[in-house]
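Trainee: Sharing a structure, written as structure tokens. Questions coming.
The values are calculated or read from the model by the stated rules, or taken from the named source; none is laboratory data. This is a predicted model, so every value here is computed, not measured. We place every Cβ from the backbone using ideal geometry, glycine too, and count neighbours over all the protein chains shown. Areas reflect the complete protein model, heavy atoms only, side chains present, ligands, DNA and RNA absent. Shrake-Rupley method; radii C 1.70, N 1.55, O 1.52, S 1.80 Å.
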Amino acid sequence: MGLTEDLPQDGVNCLCRRSPNTSHAPFSPLCCLCALQYIDDPIVRLRVWATESAHPLPEPRVAFKLGSGSQCEVQLYDKARRLSREHAELVPEVTGWEIHDLGSKNGLWVDGVRTVKAMVQAGRKIQLGGLTLVAESIKFIALRALVCRLLGWDPAHQADVDEAL
């Protein structure tokens, strides 16, 4: 089933009116704010912001560490060198995944807010040190592909696509 088949049809009010930059009604499947409301499937990977580099989440779901150290299940490279050896841990919960800061020097930031733990949902921007990751589900990946087709597949547009979502 495709992304747009799961979304409401025209005539349903757009719930993105909370955004001052959005002025359409009824619901538009091309509005990312509208579409994100209906993306509730499980997270399957973490992708590095503005790239195609992705880290699949384990099945079966088990806790795992993210950081620059070789002992982490997901070893990340941060050009800014602000990523701790053991920076964060992703923990499976009944409702999905939760990310925990492991006492890192530069902290855990989720959607621009510093936190010690947060639920991970599709489209959430997760900053660890100088590295930004995006949590993605199958439906979110499909939405991103649609936006890429609209804006262009050129690698120069990847940050624009991520920012749009």
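Trainee: Report, by chain and number, residues whose modeled amide H sits under 5 Å from the one on S137, excluding near sequence neighbours (fewer than 5 apart, same chain).
Mentor: V44, G123
Trainee: Restrict the search to the stretch 88-123; then list the trypsin sites (Lys or Arg not before Pro) that DSSP places in a loop and that have at most 11 other Cβ atoms within 10 Å of their Cβ.
Mentor: K105
Trainee: Just to be sure I understand the model, the point goes 7 Å from the Cα along the line to the Cβ. What's the resulting V62 to I138 distance in nm?
Mentor: That separation, rounded to one decimal, is 2.4 nm.
Trainee: A further question on this structure: Kindly write out, for the stretch 56-73 in residue order, the coupling ³J(HN,Hα) from the Karplus curve 6.51 cos²θ - 1.76 cosθ + 1.60 (θ = phi - 60°), rounded to whole Hz, with x marking Gly and Pro.
Mentor: Once rounded to whole Hz, the list reads x, 7, x, 10, x, 5, 9, 5, 8, 9, 10, x, 8, x, 5, 7, 7, 5.
Trainee: Report in % the part of the accessible area of the stretch 99-165 that belongs to carbon and sulfur, leaving out ligands and nucleic acids; probe 1.4 Å. Numbers along the way, then the final one.
Mentor: Details: 1800 of 3230 Å².
Of all accessible area on the stretch 99-165, carbon and sulfur atoms account for 56 percent.
Trainee: Follow-up. Amide H of W49 versus every other amide H placed in the peptide plane: which residues, excluding those fewer than 5 positions away on the same chain, fall under 5 Å?
Mentor: Result for W49 returns T132, L133, V134.
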